[in-house]
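A short worksheet on the structure shown next.
The values are calculated or read from the model by the stated rules, or taken from the named source; none is laboratory data. Predicted, not measured: the structure shown is a model, and the values here were computed from it. Neighbour counts are summed over all protein chains in view; Cβ atoms, including those assigned to glycine, are modelled from backbone coordinates with ideal geometry. SASA here: full protein model, heavy atoms, side chains in, ligands and nucleic acids out. Shrake-Rupley method; radii C 1.70, N 1.55, O 1.52, S 1.80 Å.
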Amino acid sequence: MSQPGIASFDQVDPQDIWRKDRDHFLHPWTHFDSFKKDGSLVMGRGDGAFVYDIADKRYLDGIAGLWCVNMGYGREEIVAAIADQARRLAFFNPFVDTTNVPAAELAARLATLAPGALNHVFFTCGGSTANDTAVRLIQYYQSRRGKPQKRHLISRHDSYHGSTFLTGSISGKPGDRSPHLHFIDDWVHHVSSPNVYRRPKGMTVAEFCDHLIDELKAKILEIGPENVAAFFAELVLGAGGVIVPPEGYNRRCRELCRRYDILYIADEVVTGFGRLGHMFASRDVFGIEPALLVCAKGLPSGYQPLGACIFSDEIYEVISAPDPDGWFTNGFTYSGHPVACAAGLANIALMEQEDICGHVRRVGPLLEQRLQALRDLPIVGDVRGSHFMMCVENVADPATGEPFPEEVNIGKRISDHCERLGLIVRPIGALNIISPPLILGEAEIEALAAILRQGIEATMADLAAEGLWRN
């Protein structure tokens, strides 16, 4: 039986849905010229690591929805938890001094999973609002401890921390800096991307790491340590190109922040919940304990909108010190939403039951190996990443790293061919992002790598035929 207002799947007219979407749904990151012409690929259902469009064509989901469907589609354990909680209590406001069972349970669960003394949680609706909340929490903390002038933030070029006005300003992806939008530029600063592939010519990786640390130190001293509140860091930069920093870089940045009394914010929206083989990568992969840790995507495996800002005992002691006017005036209607938190709890339980982090540690190297083998293709300049977080950078000349002209749209050409062949990968400029559900087995990894190879080869043939590239 169909739900009120929603046609059953076999009653849906694909062209009608396509037109309604094109005419009424403004998508995130819409490119209007192409959207008006081509519209959307309409997805209808998912099962395991596969999604099916409305015509029932099957695709291997090489991007886990958008970094987030870590446990795959159709997991009845999560669906049942959502339905049960919606029947029991769909919502009640979380403001001031009311709560609900799933929110309290999930906050406690996250405190046990997070590294060190990160024992306090503020829930949001996603990664953008979690990072936005982190800034508000930082401002409040610095002021409550008598240092209101510490309000400047430092981030990196190529970083992505969200799309609110504040987090869009903290982000450093050049392609997201639309000339038609405005950004904070007086108290938000950026230092160089830790992109090893694009490091200055003639510089070793170790020298590049030293250069980056020296630059961050110089920026802190330029602003004045007494004015810098926090440093925002994706441990592996995600949407900016799956940029794995040089060995020791994250740890050295953390040490620099500690030296100058600056809060280190670990953005684990993508790396959290198993993508690198651990619930959180901060301590287990990179050996650091941040002051705050931001997570979202894999927390509910995309089954509900949910994010969290997890912060330290030290911060909590300062912001909760006696003060009759001490209100933390920040929050959202759906902070700690009971249905979303029930999804998060069920997802974590399922991850632990199936040892999904161990699975990623075991089979992730195979995905890395199969994708690294693509380097024999003459337009593949770099293959980088770790475990289930990977990227292929396509270039006109791998020997020099010379990029294709932007109008060639090389990443989109490759993703279009992959889509035709039954694989979804994410194009970002010259890049193709691969971040599949964590449940992928060896056979699916082999299929993913084989189709991606075919997509790149088909693109090379197109470019040669159009006179845009010669081998």
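Length gained on full extension, residue 97 to residue 147, computed as 0.36 nm times the residue gap minus the Cα-Cα distance: 15.2 nm. Per residue, the average separation of C-alpha pairs within less than 8 Å and at least 6 apart gives the range 215-280 a relative contact order of 36 percent. Classified by the C-alpha gyration tensor, the range 153-302 has a rounded form. Its axis ratio a/c, with a ≥ b ≥ c, is below 1.5. P(r) for the range 54-112, from all Cα pairs and a bin width of 10 Å, is 16, 32, 34, 14, 4 %, short bins first.
In this simple spin-label approximation, residue 349 and residue 420 carry label points 7 Å from Cα along the Cα→Cβ vector, and these lie 4.6 nm apart. Rolling a 1.4 angstrom probe over the protein heavy atoms with all chains in place gives the chain an accessible area of 45 Å² per residue.
Measuring only protein heavy atoms, the 1.4 Å probe finds residue 333 accessible over about 80 Å². For the charge dipole of the range 241-341, defined by +1 on Lys and Arg C-beta atoms and -1 on Asp and Glu C-beta atoms about the Cα centroid, which residue among 287, 305, 243 has the Cα displaced farthest towards the positive pole? Selected residue: 243.
Do the alpha carbons of any pairs in 37/412; 37/57; 201/412 sit beyond 18 Å of each other, and which pairs? Distance filter (> 18 Å) returns 37/57; 201/412.
Going 7 Å from the Cα of residue 35 along its beta-carbon direction, which residues of the range 429-461 have the amide nitrogen within less than 20 Å of the resulting point? Residues 429 fall inside that zone.
Close amide H partners of residue 428, meaning residues 5 or more places away or on another chain with modelled amide H under 5 Å apart, are 433.
Atom-type composition of the exposed protein surface of the chain places 53 percent of the accessible area on carbon and sulfur (1.4 angstrom probe).
Only one of the listed values, (i) 142; (ii) 191; (iii) 157, was derived from the coordinates as volume of the Cα convex hull per residue in Å³; which label is it? Calculated volume of the Cα convex hull per residue in Å³: the matching label is (iii).
Only Cα pairs under 8 Å and 6+ residues apart enter the sum, and on that basis the relative contact order of the chain stands at 20 percent. In the range 300-424, Cα pairs under 8 Å separated by at least six residues give a relative contact order of 15 percent. Each principal axis of the Cα cloud of the range 164-207 was taken in turn, and the coordinate range along them, longest first, works out to 37, 20, 14 Å.
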